[in-house]
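Trainee: Just passing along the structure, written as structure tokens.
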Amino acid sequence: MSKVKEEIISKESARERLETYLRTVAHIGHVEISVTNFEKSLWFFTEVMGLVLTETDGDRAYLRAWQDFDHHTLVLKASNTSEVNRMGWRVSTKESLELFEKQLQVMNIDYHWVDGGQKKALGDTLQFKSPAGIPVELYWEKELFVTDDPALKSNLPSHPSKYMAKGVSPRRFDHVNLMVNDVAKEQQWWTDLLGIHHRYYIQNQEDVRLGSWLSRTNIAHEIALMRNSNQDGAAFHHLAYYLDSPDELLRASNIMAENGIKIEWGPGKHGTSGAQFIYVFEPSGHRVEIWTGGILMFSPDWEPIKWSSDVGQLGLEMWGSTPPESYLTYGTKIGE
């Protein structure tokens, strides 16, 4: 027997290896946010951002970008508080949900099931919280977006709906960013439990982790964790949408200015991901990033890239601008 085979077999049993392989997420699926000004926020996401409104149901609106294949990637809920209520991740296989339940029991993490049909377009979901209190739900089944509306239906089979060039008109939902007190601890949990790869990170002069970026797919990141400068717990920093090119980003900046939407920072370029960006605030106070570009990673044994304090500023913005104080301190609440 070869040394490689001996090492593999001796490390853990074949069953354990299979369960670990199957107990992973496939990709980020959606984010649910509560908004204090439902009508204005819906206007922002449909008219200014140009997202497609799949449907409204009571106090909720379900939206998607034009090449998001799912029924929705964003849920808006009318509320008295602006907060993030849930981040949904699709698991890798049907069996994954039960394997995650088994692992949550081993780790003594509280969880509960929501039966399929209780949430719009979703099958059974497994809900729990991260160490920092971030609300997570895992699912396997989710309805696809299907339309016979000639105003929306694309002639291209690879496009679930037309590119309308309405507002910013992003191609797809991209990622979320959360503020936490202890980035390193939180990152390790997301990587160990959910199998989300750690891609790159920033350390300060005191060797404190300022940020970690993670993805399960090959994009730059699907979830980012950044240190809360206030050290007062977790907060929702932003959700992000992807554009095809830098000229579309400049167009988006003009659209924001014309519609009275505050641009917090940008246009700029992150050195860590290589993506160009702007950050804006929607009417209920949630931060939204619009970005384009970004590195792609294909190696199965990717090692996280360290950005040390001497080059950390280039990681945040490589063209010379510095983030406003609000970028490092402001976030909306974490809901239940």
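The values are calculated or read from the model by the stated rules, or taken from the named source; none is laboratory data. This one's a predicted model, so the numbers in the text were calculated from it and none came from an experiment. Glycine also receives a Cβ, built like all others from the backbone with ideal geometry; neighbour counts cover every protein chain displayed. To get the accessible areas, we keep the full protein, side chains included, count just its heavy atoms, and leave off ligands, DNA and RNA. Shrake-Rupley method; radii C 1.70, N 1.55, O 1.52, S 1.80 Å.
Trainee: Per the helix-only calculation at 222 nm, which mean residue ellipticity applies to the chain, given -39500 (n - 2.57) for every DSSP H run of n ≥ 4 and division by its residues, nearest 500 deg cm²/dmol?
Mentor: On the way: 8 runs with 70 residues, N = 336.
One gets -6000 deg cm²/dmol as the mean residue ellipticity at 222 nm.
Trainee: To continue, here is another question. For segment 52-164, state the semi-axes of the equivalent ellipsoid (square roots of 5 times the eigenvalues of the alpha-carbon gyration tensor), sorted largest first and rounded to whole angstrom. It would help to have the intermediate numbers written out before the result.
Mentor: On the way: eigenvalues 175, 63, 25 Å².
The answer is 30, 18, 11 Å, longest axis first.
Trainee: Rounded to the nearest percent, how much of the accessible area of the chain (1.4 Å probe, protein heavy atoms only) is carbon and sulfur?
Mentor: On the way: 7710 of 15520 Å².
Percent of accessible area from carbon and sulfur atoms in the chain: 50.
Trainee: Which length gain, in nm to one decimal place, applies between TYR21 and ASP110 when the Cα-Cα distance is subtracted from 0.36 nm times their residue separation?
Mentor: Working: separation 89, 0.36 × 89 = 32.04 nm, distance 2.28 nm.
Roughly 29.8 nm would be gained on extension.
Trainee: Is segment 13-114 rounded, prolate or oblate when judged by the Cα gyration tensor, a ≥ b ≥ c being the square roots of its eigenvalues, rounded requiring a/c under 1.5 and prolate requiring a/b larger than b/c? Could the numbers behind the result be given before it?
Mentor: Details: a/c = 3.74, a/b = 2.07, b/c = 1.81.
Verdict is prolate for segment 13-114.
Trainee: Which one of GLN67, MET226, HIS286 is farthest out on the positive end of the charge dipole of the chain, using unit charges on Cβ (Lys, Arg +1; Asp, Glu -1) and the Cα centre as origin?
Mentor: GLN67
Trainee: OK, next. Ratio of Rg to Rh for segment 244-314, alpha carbon only, Kirkwood?
Mentor: Values: Rg = 14.8 Å, Rh = 13.9 Å.
Ratio of gyration radius to Kirkwood radius for segment 244-314: 1.07.
Trainee: Between LEU250 and MET297, with labels modelled 7 Å along Cα→Cβ, what's the label distance in nm to one decimal, could you check?
Mentor: Result: 3.1 nm between the two label points.
Trainee: Could you list the square roots of 5 times each eigenvalue of the Cα gyration tensor of the chain, that is, the equivalent ellipsoid semi-axes, sorted largest first and rounded to whole Å?
Mentor: Its equivalent ellipsoid spans semi-axes of 31, 26, 20 Å.
Trainee: So what's the net charge close to VAL280: Lys and Arg +1, Asp and Glu -1, counting the other residues with Cβ under 9 Å from its Cβ?
Mentor: Numbers: positive: LYS262, ARG287; negative: GLU264, GLU282, GLU289.
Net charge around VAL280: -1.
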